[in-house]
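Beneath this line is the structure, given in structure tokens, with notes to follow.
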Amino acid sequence: MEHFRYENNELYCEEVSLAELAEEFGTPLYVYSKNRIIDSYRSLQEGSPGKSVNICYALKANANVGILKVLVAEGSGADVASGGELSLALRGGFSPSKIVFTGVGKREDEIAFALKEKIYCLYAESLQELQLISRIAHALGITARVGLRVNPHVDAESHPYITTGLNHHKFGIESGKIIEAFQYAASLPSLEVVGLHTHIGSQILKLEPYRATARYLASLVEQLRETQIRISHVDVGGGFGVPYDHVVHHEGLGREDRPNNSAPAASEFIATLLPILEPSGCTVWIEPGRSIVANAGVLLTRVLYTKENRKKKFVVVDAGMNDLIRPTLYDAYHQIVPLKIDTYEQEIVDVVGPVCETGDFLARDRSMLKTKQNDLLAVMSTGAYGFVSSSNYNGRLRPAEIMVSHDKVRVIRQRETFEDLI
Ligand SMILES: Cc1ncc(COP(=O)(O)O)c(C=O)c1O
């Protein structure tokens, strides 16, 4: 059964009416389907029947502790990108032995925090970072497990802001220098070199970039072996793309004329990677974020006003770019649908928020079902990079977050109040 679906013209999350949630908890409101998160997590394993990939959920996609606990119960590890995310991962219950720390600019205090908590490993992205980890580990009298992030120079063919594996990007150590960097790491005191890491981008819709990356990593493991450096795992990062259009269906919702953005199933990404990487003898790790949570979340919003000028029709809603920055930042597409369908009449509108920026929009020139003042809408596929990127810009209070499981409803974050702004 679809976790978000219309029943009698009313949109449901699992067994709960979204309109009722919006009335009870107010808008804007993030709502997540617990069982969709679980299904998405499990579907990653389906690409590797009988084999194991080690999944480290990337907290940057959605770090609500309520969601983290669901993934801990599924046996997931965690990929953290800051001291803050590390503290959330620990609060969520992830075992430190299943946590990896990624990121190009880790501070000294963050490295010390990670080492004291005995996380599985830190992925270093420069020789200076390796030096610093070695120095801190030495001072603490421990051995730090490290991996090195390589920049493989593979084009993920995604949005330029979320493509990370090309030579002109800030991420990783360039492929021409990576063997030398491993040798350097092996020579430093208080370090144990355990892994090889990369991450080529996010919302990747093709398998080929992964195939190219896996082939490159497999050959790198071979070359490292020839220089007597043996690593136990290869971490391919995250990035598995998800569908953003036509995620919820109803005969009244017109089909948008959009380029083909269909995404392979998550299991297909894994099925592409494993046969290439497994012969290396290393365990395969991945750091998915979006593919686990994106389509498990919606942002509910209310229509404040509708208006029209000479050029455009506007639907002014109570969710803005501070609640969901993806349309403004990446021109990202999110399907926007009414919580109750009472007309099949379509119109072309801009759906805009209350923030004082022309860039504050959720959709532009969008053909959608006609809405009127006070209608409730769902912005679909907002479980990833939604709430985590929200802000108090314009003095706006960040939304509450709700988790639905079957007919059960739980508040997993309270709506902010004016006191939170001070
Ligand atoms: C190092 C690293 N790992 C994992 C991820 C998660 O990516 P995604 O949410 O696309 O799966 C990211 C996101 O950019 C990342 O930078």
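FYI, it's all coordinate maths here, none of it is from the lab. Treat the numbers as computed from the prediction; the structure is a model and nothing was measured. With ideal geometry, Cβ positions are generated from the backbone for all residues, glycine too; neighbour counts draw on all protein chains shown.
Things worth noting here:
- Near residue 304, the amide H atoms lying under 5 Å from its own belong to 316, 317, 318, 374; only residues 5 or more places off or on other chains count, and H is placed 1.01 Å from N.
- Given their separation in residues at 0.36 nm each and the Cα-Cα distance between them, residue 342 and residue 225 gain 35.6 nm when the chain is fully extended.
- Where labels lie 7 Å past Cα in the beta-carbon direction, separation of residue 140 and residue 117 in nm: 1.1 nm
- Backbone HN-Hα couplings from phi across the stretch 282-298 [Karplus 6.51/-1.76/1.60, Hz, Gly and Pro as x]: 8, 6, 9, 10, 9, 10, x, x, 3, 5, 8, 10, 3, 8, 9, x, 9
- Straight-line reach from residue 311: taking Cα to Cα under 26 Å and skipping same-chain neighbours fewer than 8 places apart, the lysines in range are 370, 372.
- Here the label points at residue 167 and residue 232, each 7 Å from Cα along the C-beta direction, are separated by 3.5 nm in the simple model.
- Rounded to the nearest angstrom and listed largest first, the equivalent-ellipsoid semi-axes of the stretch 1-99 from its Cα gyration tensor are 29, 19, 9.
- Under 12 Å, Cβ to Cβ, from residue 355 - net charge with Lys/Arg +1 and Asp/Glu -1: -3
- In sequence order, calculated HN-Hα J values of the stretch 273-281 (Karplus, 6.51, -1.76, 1.60; Hz; x Gly/Pro): 6, 4, x, 7, 8, 4, x, 5, x
- Near residue 382, the amide H atoms lying under 5 Å from its own belong to 297, 298, 299; only residues 5 or more places off or on other chains count, and H is placed 1.01 Å from N.
- Those lysines that a straight Cα-Cα span of less than 28 Å connects to residue 118, excepting residues fewer than 8 apart in one chain: 51, 60, 69, 98, 106, 170
- Counted by Cβ distance under 12 Å from residue 154, the other residues give a net charge of 0, where Lys and Arg count +1 and Asp and Glu count -1.
- Additional length obtainable on full extension of the chain from residue 408 to residue 330, 0.36 nm per residue less Cα span: 24.7 nm
- To the nearest ten degrees, helix 83-92 and the longest principal axis of the Cα atoms of the chain are 70 degrees apart.
- For residue 120, the residues 5 or more places off, or on other chains, whose built amide H falls under 5 Å of its own are 98, 99.
- A simple rule links phi to the HN-Hα coupling: the Karplus curve 6.51 cos²θ - 1.76 cosθ + 1.60 with θ = phi - 60°, which for the stretch 186-198 gives 5, 8, 7, x, 6, 10, 10, 8, 10, x, 10, 10, 7 Hz, with x for Gly and Pro.
- DSSP bridge orientation in the stretch 125-250 - percent antiparallel, rounded to nearest 5: 10 percent
- Relative contact order, percent, the chain [alpha-carbon distance under 8 Å, six or more residues apart]: 20 percent
- Seen against the Cα atoms of the chain and their longest principal axis, helix 208-226 is set at about 20 degrees.
- Order by protection proxy (mean Cβ within 10 Å, highest first), peptides 24-35, 309-320: 24-35, 309-320
- Whether the stretch 295-421 is rounded, prolate or oblate, judged on the alpha carbon gyration tensor where a/c under 1.5 counts as rounded: oblate
- Peptide ranges 54-66, 335-347 listed from the most packed, as the mean C-beta count within 10 angstrom indicates: 54-66, 335-347
- Radius ratio Rg over Rh of the stretch 34-289, counting only Cα atoms, Kirkwood formula for Rh: 0.98
- Residue-averaged 222 nm ellipticity for the chain, from DSSP H runs of 4+ at -39500 (n - 2.57), nearest 500: -8000 deg cm²/dmol
- Förster radius 51 Å - calculated FRET efficiency between residue 416 and residue 187, Cβ distance, rounded to 0.05: 0.55
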